[in-house]
Amino acid sequence: VRTVTGSKTLLKTQDRQVLVDCGLFQGYKKLRLRNWDKPPFAADALDALLLTHAHIDHSGYLPRLVRSGFHAPVYATPATMDLAHVLLPDSAKIQEEDARWLNKKKLSKHHPAEPLYTSKDVDKVLSLLKAVPYDTWFEVTDGVRARFLNVGHILGSAMVHVEVQTAEGPHRILWSGDLGRYDMPLNPDPLPPPETDTLIIESTYGNRDHPDQPPLHGFEDLLRRMLAQKSVLLVPAFAVGRAQQISFMARELILTGQVPEFPIYLDSPMAVNATEIYLRYHDEHQVDDASLQEDGQDGKFHPR
C-alpha cells in the first residue's frame, strides 16, 4: 500500500491462510527497513503461497519467510519457477555481500551485521516451488482453488484467479499482478480479466496513459540519432524483462533493415541467464530463437 515494492496480500478463509506474492521492499531506506520487521502474520501458519511473477519486489522476501518458519508449497507458472532459480540466488548473494562489506568497513550499528537471508534460505525456497501451467485450475488448499492467466508483464507473469468456497457459494477473487502493456514487442498482450467478484489491482503507473505511438517507432528514432552522432546508448535496464525486450527491439530493427548493424553489449550475467530461459518458452512470447540470439544456430544467446 502506497509503495511500488514489497507486494504481499494475505487471503484468510475460516480455517486457511494463503499469501499472494511475497516481495522484498526496495528503494528508500525507510522502505528497505521494513524487510526486517516481523510479518503481521505467522509464517508457519500459511497453507500455501501464490506467486504472480519472479521480480524481486514480488518474490524476494520468500527466503526471509522461510527463515521465519514458512514451509508450505509455493505455486507459480513454470517460467516463473525457472526465473526464480536465477533471481533468488542472486538476491541472497547481494544480501551476503552487503553484510560482509558493512562488517569490513564497520558501518553497521549491529555487530556483526547479518544478511537478511542467505543462500541456504534460498535453497529451501526453491525446494518448495511447484509449477502449474497457465489456465489450469488447481487446488491450493482446502476450499481454495486457483489458476494463472497470462498478464504480459514478463515471461511467466500471471494474474491469479482464486475461487474460495463459502457458505453462500463460491467467491472469486482476481489479483492482477503487475500488468503488461498492449502491443509490446516480445511480450504477449494481457488476457482479458475473467468474471470475478473481487478485483485487486497493482497500480504503480495507474495515473498515466501510454502514448499512442508503438514503442518500436520511438526506439528506432533514438537509435538513428545515436548512429548519426556516432555515439553510444547506455541503457540501465532491469535484467529480467526489460533487458530482453530492449535487446529484441534493437535486433529486430537491425534484421529488418530499419537501422544499420551495430554492436549490442549485454553487460549482465543475470540478464544473459534470463535470456536463456526466455528461449525455452517459445509459446509464451512473440519471438523465435533467431531474433534473440546472436547467430541463430545453437539455441543460445551470445552477447558480444
- Please enumerate the residues belonging to region 155-182 that are within 19 Å of Tyr281 (Cα to Cα), outside any strand (DSSP E or B), touching a helix residue (DSSP H, G or I) at 6+ places or on another chain (Cβ under 8 Å) and not polar (S, T, N, Q). Leu155, Gly156
- Message: Consider region 97-117. How many of its residues are part of a loop (DSSP other than H, G, I, E, B) and either of a type in the set (Gly, Ala, Ser) or under 31 Å from the mean Cα position of the chain (by Cα) (or both)?
- Response: 6
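Table: residues versus (1) buried (at least 22 other Cβ atoms within 10 Å of the Cβ); (2) small (Gly, Ala, Ser); (3) part of a strand (DSSP E or B).
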{"site": "Ala54", "(1), (2), (3)": "yes, yes, no"}
{"site": "Asp57", "(1), (2), (3)": "no, no, no"}
{"site": "Pro63", "(1), (2), (3)": "yes, no, no"}
{"site": "Val66", "(1), (2), (3)": "yes, no, no"}
{"site": "Asp82", "(1), (2), (3)": "yes, no, no"}
{"site": "Asp90", "(1), (2), (3)": "no, no, no"}
- Query: Which one is surrounded by the most Cβ atoms within 10 Å (Cβ to Cβ), of the residues in region 201-212 that are closer than 27 Å to Phe248 by Cα and free of Cβ contacts under 8 Å to residues at least 12 places away in the same chain?
  - Reply: Tyr205
- Filter region 186-200 for residues that are farther than 22 Å from Val240 by Cβ and not charged (D, E, K, R); which is surrounded by the fewest Cβ atoms within 10 Å (Cβ to Cβ)? Pro192
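Within region 152-159, is there a residue that is hydroxyl-bearing (Ser, Thr, Tyr) and open to solvent by 50 Å² or more (accessible area, probe 1.4 Å)?
Residues of region 152-159 hydroxyl-bearing (Ser, Thr, Tyr): 157.
Imposing the further condition that a residue be open to solvent by 50 Å² or more (accessible area, probe 1.4 Å) reduces the set to none.
Within region 152-159, not a single residue is hydroxyl-bearing (Ser, Thr, Tyr) and open to solvent by 50 Å² or more (accessible area, probe 1.4 Å).
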- Message: Here are the criteria: (1) touching a helix residue (DSSP H, G or I) at 6+ places or on another chain (Cβ under 8 Å); (2) among the hydrophobic types (A, V, I, L, M, F, W, C); (3) farther than 20 Å from Ser59 by Cβ. Tell me which single one Ala228 does not satisfy.
- Response: (1)
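The values are calculated or read from the model by the stated rules, or taken from the named source; none is laboratory data. In this text the structure is predicted, and so the values were computed from the model without any measurement. Neighbour counts run over all protein chains shown; Cβ positions are idealised from the backbone, glycine included. For the accessible areas, the whole protein counts, side chains as well, though only heavy atoms, and no ligand, DNA or RNA atoms are used. Shrake-Rupley method; radii C 1.70, N 1.55, O 1.52, S 1.80 Å.
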